[in-house]
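Beneath this line is the structure, given in structure tokens, with notes to follow.
The values are calculated or read from the model by the stated rules, or taken from the named source; none is laboratory data. What you see is a predicted model, and the numbers here were worked out from it, not measured in a lab. For neighbour counting, all protein chains shown are included, and Cβ atoms are generated from backbone atoms with ideal geometry for every residue, glycine included. Note: areas computed on protein heavy atoms with side chains; ligands, DNA, RNA excluded. Shrake-Rupley method; radii C 1.70, N 1.55, O 1.52, S 1.80 Å.
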Amino acid sequence: MEGLFMKIIRREIPAHVVAENEHALAFLDLFPLAFGHVLVIPKIEVNAIYDVPEPYYSAVWSLVRQLAPAIQLAFPCRKVGMAVIGLEVPHAHVHLVPLDEVGDLSFVRPKLCPSPEELQEHAACIRRFLSSGTIV
């Protein structure tokens, strides 16, 4: 049975997309740990990150590398943390989460519930930093 993320990739389910390349897609988490929490996924359904074939694997990490500085500028924080958990959705994905302390990356913390309008604004803010030329 096909999963949720494939439906997002095909745009059958709406998502707040912040970046995309030929083999990977990045969008805001609907229930983030912090504002600016982004998921980066390969455009192929593979359960474990270490099983993702090339060129999808490299495409995911290319987006991660581009997005982390944009997220940090859009949502000022000490660092952007990364996590590959993969228990909640059987599709490999990387979480990018703005951090000020180590506990900010704890997935047992209560999730935030931003409105669709807030998510739209957050996505636009990240995209502005991606396109501004501020980051390399």
* Given (1) under 15 Å from the mean Cα position of the chain (by Cα); (2) closer than 21 Å to Lys7 by Cα; (3) not in a helix (DSSP H, G or I), index of the condition Val97 fails -> (2)
* Does Ala123 fit the bill of being touching a residue at least 24 places away in the same chain (Cβ under 8 Å), part of a loop (DSSP other than H, G, I, E, B) and not acidic (Asp, Glu)? -> no
* Give the residues of region 106-123 that are of a type in the set (A, V, I, L, M, F, W, C) and either modelled with pLDDT under 95 or over 14 Å from the mean Cα position of the chain (by Cα) (or both), sorted by residue number. => Phe107, Val108, Leu112, Cys113
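Just a yes or no: is a residue in region 81-98 under 28 Å from Ile44 (Cα atoms), touching a residue at least 24 places away in the same chain (Cβ under 8 Å) and charged (D, E, K, R)?
Checked region 81-98: no residue is under 28 Å from Ile44 (Cα atoms), touching a residue at least 24 places away in the same chain (Cβ under 8 Å) and charged (D, E, K, R).
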* Asked: Pairs, please: C-beta under 8 Å, at least 6 apart or cross-chain, first residue of a type in the set (D, E, K, R) and in region 1-23, second crowded, with 16+ Cβ neighbours inside 10 Å and part of a helix (DSSP H, G or I)?
  -> Glu20/Leu63; Glu22/Ala59
* Can you tell me how many residues in region 125-136 are open to solvent by less than 100 Å² (accessible area, probe 1.4 Å), more than 17 Å from Leu25 (Cβ to Cβ) and modelled with pLDDT of 95 or more? -> 2
